Amino acid sequence: MLVLMFQIGDNRLALDIRRVREVVPRVHLDRPTMAPDWLAGLFVYRGHPVPVLDLHHLLGAGECPPHLSSRIILVPLEREGGDERLIGLLAAQVADIREINANAPSMPSLDSSSQARLGQTLVEGDTILHLLDLDHLLPDPVRKRLPPP
């Protein structure tokens with residue numbers, strides 16, 4: 001499986017490249033008043049407002065560092081009724097696309113059901129890698145608090 005690699009805190013994450021619409025530089029984000037910590041802000045992409053989630057805050061790793069390698073990964077998120085909503089994922093060290101073995105040995109998930117879930121944890125050589133599952137990343141309370149399209 002071809003994946004986009006990035007870093008959240010001490011965790012190496014991978015996202016199936018087929019789920020990625022585009023990767024854009026970290027741009028200025030307008031942060032709504034009283035927005036939750038995990039909402040980095042909004043920006044206009046091709047005429048539409050896109051909410052950007054700070055994966056660092058969402059996963060309890062502090063704030064996304066302002067590195068040159070920090071990027072916004074644009075992905076479609078399925079909403080109730082089957083329609084899609086484009087969201088941005090703010091992540092650090094977004095720079096590598098590589099092939100991984102999705103059938104590699106995996107570890108059981110230790111994620112709490114009330115928090116964001118990383119997805120399957122794979123062992124690749126001497127590296128632990130989290131294969132991000134967008135369909136289960138956001139717990140329902142977070143998904144429902146996303147700004148409307």
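Only the coordinates and a few stated rules stand behind these numbers; no lab work does. Every value quoted in this text rests on a predicted model; they were computed, and no experiment measured them. All Cβ positions, glycine included, derive from the backbone under ideal geometry; neighbour counts span all protein chains shown.
Structure values in brief
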{"quantity": "Fewest-first sequence of M1, M34 by Cβ atoms within 10 Å of each Cβ", "calculated": "M34, M1"}
{"quantity": "Ranked V44, V27, criterion: other C-beta atoms within 10 Å, fewest first", "calculated": "V44, V27"}
